[in-house]
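To start, the structure under review is shown below, and the notes come after it.
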Amino acid sequence: MRNKLFGSREFYHRVLAISVPIMVQNAITNFVSLLDNVMIGRVGTVEMSGVAIANQLLFVFNMLVFGAIAGAGIFGAQFFGNRDMDGVRHTLRFKLMICLVLAAACIGIFTAFGPQLINLYLKGEGAVEDAEASLRYGLQYIKVMYIGMLPYAITQAYAGTLRETGETLLPMKAGIVAVLVNLTFNYILIFGHFGAPRMGVVGAAIATVLSRFVELAIVVSWAHRHAVRFPYITGLYRSLHIPGRLFRDILRRGTPLLVNEGLWAAGMA
C-alpha cells in the first residue's frame, strides 16, 4: 500500500524540479502588476485606484492567454513525449496565432469600452472628482499597456512550450529579470529620479512594458540559440502551416479551458 501511495525520492525530486520554477514564474507574473499598484500608491490614492482597476481588466486578458496556452499545451506535451517535433512545432504555431488573436481582440474591446469598464468600479459613494480622476489615470495606464500585451502573450507561448519540453528554469529566470527591470524603471519614471521626468501613472506603464519586452527577448533568443536541444524551434516561422485536424482538435479540447479561465477571471474582476 505504501509503495502505491508514495513514489521514490527521484520521482519527487523531478516533480519539484519541474513544478517549483513554474509556481515561482506564475507568482512573478502576478507580482509585476502588484508592484505597479504599490509604487503608484506612493504617488496618490486616486492614481493607485485607476491603475488597480486597469490591472483588473488586464488580469482577464492574462488568464485568457493562460487558458489558451494550457489547452494547446496538452497536445504539445504529448507530441514531445512521442518525440514528434513537427507536432510540437505546429502546437507552438497555434499558440502564437491564438495569442495574436486574443491580444487584438482584447485591445479592441478595451479601446471601445475602456471608459465604461473602468466606470463599473467607480460607482457608489465618494467624490465625483475622485472618480473622474481615477478614470483618467486608469485610461492613461491601460493605453500604454496595450503595447505590452502582445510581447507578454508571445512570451507565455514560448515559456509554456519550453516547460512542456523540460525547460522550466529559463522562464523563471526571465521573469525575475523582468521584475527587476520593472522595479528599476518604476523608481526612475514614476518619481522622476536620475534626471528623468516625473511621469507617475504613465511611467509605471512604460516600465511594465519595458519589462515585458526584456522578458520576451530573453526567452525567445535563448530558445532559438538552443535549437539543437529543442528541434521544434527550427523552421518555426518557415510557414504558418498547421494541419487542419490538429487545429480542430486543439480548438475542441482547448476552448473549454480558455472559456473557463476567462469566466473565472471575469468573475474575480
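The values are calculated or read from the model by the stated rules, or taken from the named source; none is laboratory data. All values derive from a computational prediction rather than experimental measurement. For neighbour counting, all protein chains shown are included, and Cβ atoms are generated from backbone atoms with ideal geometry for every residue, glycine included. Just so you know, the surface numbers come from the protein's heavy atoms only, side chains and all, with ligands and any DNA or RNA stripped out. Shrake-Rupley method; radii C 1.70, N 1.55, O 1.52, S 1.80 Å.
What the table shows:
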quantity	calculated
Filtered GluC sites (Glu not before Pro), segment 92-149: DSSP coil and at most 11 other beta carbons within 10 Å	Glu125
Percent carbon-and-sulfur accessible area, the chain, ignoring ligands, DNA and RNA, probe 1.4 Å	66
Table column - 3J(HN,Hα) (Hz), segment 156-171, Karplus curve with 6.51, -1.76, 1.60, x for Gly and Pro	5, 5, 5, 4, x, 5, 4, 5, 5, 9, x, 9, 10, 6, 4, x
Kirkwood Rh in Å, taken over all unlike Cα pairs in segment 176-259	16.1
On Cα atoms only, tilt of 45-81 relative to the major axis of the chain in degrees	10
Per-residue SASA entry for Lys143, accessible area with 1.4 Å probe, Å² rounded to 10	120
Convex hull (Cα only) mean projected area of the chain, reported in nm² to one decimal	17.8
Under Karplus coefficients 6.51, -1.76 and 1.60, residue-wise ³J(HN,Hα) of segment 220-225 in Hz, glycine/proline x	5, 5, 5, 4, 6, 6
Helical mean residue ellipticity (222 nm; -39500 (n - 2.57) per DSSP H run of 4+; nearest 500) of the chain	-29500 deg cm²/dmol
Loop-resident sites, segment 183-269, for chymotrypsin sites (Phe, Trp or Tyr not before Pro), counting at most 16 other Cβ within 10 Å (DSSP)	Phe194, Tyr237
Euclidean distance between Cα centres, segment 171-232 to segment 35-87, Å	15
Cα long-axis angle, helix 85-119 against the chain (0 to 90 degrees, to the nearest 10)	20
